[in-house]
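A short worksheet on the structure shown next.
The values are calculated or read from the model by the stated rules, or taken from the named source; none is laboratory data. The structure presented is a predicted model; accordingly, all values stated were derived computationally and were not measured. Neighbour counts run over all protein chains shown; Cβ positions are idealised from the backbone, glycine included. Just the protein is used for accessible areas: all its heavy atoms, side chains included, with ligands, DNA and RNA removed. Shrake-Rupley method; radii C 1.70, N 1.55, O 1.52, S 1.80 Å.
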Amino acid sequence: MGMHRTALAAALLWTVPAAAQEQAEIRTYNIHHALFGDIGRLSDEITQDGHDTRIVTRADVKVDLFGITLHHVRAEWSETWLGGMLRVFRATTTRNGSTESISGRHENGKFIVRAGGREFDVPADIHPVHPWSLQFVRAATLMSPESGEIFPANIADKGDKSIRIGGVSRHVRHYVVWSDTTNHLYFDDEGTLLLAQYRDITGNVSFTLQSADEQHVASAR
């Protein structure tokens, strides 16, 4: 019995410090459409482990009208970052029954992407179109996590402002990103995305970070 206790104590000495290094955070965003109301959620599970950052994103968006599903998207993306560089990327997105998968890895000073049956090189400082941190607004080249399309970043810093989010006045930094739509991003002083907004042909869409209480209520449903 004494030997087993010693072995257990040794195992704890080795595993506890490693576990303590990991810091996980889950951010959940409510997705709201001006015409169709609440249409889904997107969550980011962000894990810091030393210099590594891992992000797992899950999204489920469904637009119904009179009991008929007009649009349904499910997605799971994963990113691994090291020293501000994307090292590994994997994404699977199912849109109205059609599934697209994309993968990529950093290798020999470049990033290699596999998408649509092709493999091609892109700049090593590539950033998926996923503003999980302020690093996104400094990107020079962007990649669609749904299609693998690569395009130059067109991002403008609109400065500090105060806006109401969830009925509360918040001090934010406002950025505008131009792609196929005009996207407005609002980050807090800690660099956390609080609100994202864009408009397409169907109307305005917003992604609003839920509070800890809202996340607890949502997870209990």
Among what's in the stretch 51-68 and is touching a strand residue (DSSP E or B) at 6+ places or on another chain (Cβ under 8 Å) and open to solvent by 70 Å² or more (accessible area, probe 1.4 Å), pick the residue that is farthest from Gly37 (Cα to Cα).
-> His51
Single residue of Asp125, Asp180 found to be part of a loop (DSSP other than H, G, I, E, B) and free of Cβ contacts under 8 Å to residues at least 12 places away in the same chain = Asp180
Number of the condition not met by Val137 [criteria: (1) surrounded by 13 or more Cβ atoms within 10 Å (Cβ to Cβ); (2) in a strand (DSSP E or B); (3) at pLDDT 95 or above] = (2)
Of (1) closer than 18 Å to Ser78 by Cα; (2) out of contact with any Pro (no Cβ under 6 Å at 6 or more places or on another chain); (3) at pLDDT 95 or above, Lys161 fails just (1)
Considering the stretch 69-89, residues that are of a type in the set (Gly, Ala, Ser) and under 15 Å from the mean Cα position of the chain (by Cα), and then whichever is most open to solvent (accessible area, probe 1.4 Å), we arrive at Ser78
